[in-house]
Amino acid sequence: METYNDPQLNDLETRLNASNQTIAQYAAAYRQARALVSEARASYFPTLGLSATGSRERSSSRSSGSVSSGGAIGNSYDLSLDSSWEPDLWGTVSRTVGAQRAGEQSAAADLANARLSAQGTLAQTYFQLRSLDAQQKLSMTPSPPINARCNSRRTSTRRARPPART
C-alpha cells in the first residue's frame, strides 16, 4: 500500500504482511478454500485407480510328520484397474462447486479485510509516533528571542548612558 509515499511505512507494511499471524491465518484459510474448490471440480471427471501386488511362496511337501526342505517356489502377481464416473444429472456436483466457490470468495474477502485492518492500524500508529516525535523535537529545541535586534539595541543604549545619580 503506497498511499502515503513513505518508504519506511512501505517497508513496515511489507514486513507486516509477511509476519502477522492473523493475516497468515486468513491466508491459510483462503488456500484451503481454493483447494476445496479444486477438489469439488474434480468430481466432474472420472476417477481411475491402479493397484499392483506381488508375492513369492515356497510350497512344502509333508511326509509322515516331518517336513522336507524341498518344494516348489511360486510367484503370483495381481494387477487391478478401477474406474468410476457419475454424470452430474441432478446438478449435485455443480451446486457443490458453486458452494465451494462462494466459500473461496468469502475467504478472499476475509483475507483482504484482515490485511486492510492490520495495515490501517499500522499506518495510524506510525503517524501518531511520527507526530509525537516531531512534538518532542520541538519542545527540546531552545526558542530564539522574539526580537533579537531590539534586545541588542536596548543593551547598547543602557551601556552608553551614565548611571543615574540620586
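Filtered by the rule that a residue be exposed (fewer than 11 other Cβ atoms within 10 Å of the Cβ) and assigned to a helix (DSSP H, G or I), the stretch 1-10 gives Pro7, Gln8.
Rundown of residues vs (1) surrounded by 11 or more Cβ atoms within 10 Å (Cβ to Cβ); (2) out of contact with any strand residue (DSSP E or B) (no Cβ under 7 Å at 6 or more places or on another chain); (3) aliphatic (A, V, I, L, M); (4) at pLDDT 90 or above, yes/no style:
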site: Leu12; (1), (2), (3), (4): yes, yes, yes, yes
site: Gln21; (1), (2), (3), (4): no, yes, no, yes
site: Arg41; (1), (2), (3), (4): yes, yes, no, yes
site: Gly49; (1), (2), (3), (4): no, no, no, yes
site: Arg62; (1), (2), (3), (4): no, yes, no, no
site: Ser66; (1), (2), (3), (4): no, yes, no, no
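For beta carbons closer than 9 Å, sequence separation of 6+ or different chains, a first residue in the stretch 2-13 that is within 17 Å of Gly120 (Cβ to Cβ) and a second that is loosely packed, with under 10 Cβ neighbours inside 10 Å, the qualifying pairs are Leu9/Glu2; Asn10/Glu2; Glu13/Glu2. Checked against (1) under 33 Å from the mean Cα position of the chain (by Cα); (2) at pLDDT below 95, Gly91 passes all but condition (1).
For Thr141, only one of the following conditions fails: (1) out of contact with any helix residue (DSSP H, G or I) (no Cβ under 6 Å at 6 or more places or on another chain); (2) at pLDDT 60 or above; (3) surrounded by 10 or more Cβ atoms within 10 Å (Cβ to Cβ). What is its number? Going through the list (1) out of contact with any helix residue (DSSP H, G or I) (no Cβ under 6 Å at 6 or more places or on another chain); (2) at pLDDT 60 or above; (3) surrounded by 10 or more Cβ atoms within 10 Å (Cβ to Cβ), Thr141 breaks only (3).
If you go through the stretch 23-56 one residue at a time, how many are assigned to a helix (DSSP H, G or I) and of a type in the set (Gly, Ala, Ser)? Selection size over the stretch 23-56: 10. Of the candidates Gly98, Gly71, Gly103, Gly54, the single residue that is surrounded by 10 or more Cβ atoms within 10 Å (Cβ to Cβ), over 24 Å from the mean Cα position of the chain (by Cα) and at pLDDT 90 or above is Gly98.
The values are calculated or read from the model by the stated rules, or taken from the named source; none is laboratory data. Not measured: the values here are computed from a predicted model. Positions of Cβ are backbone-derived with ideal geometry, glycine not excepted, and every protein chain shown enters the neighbour counts.
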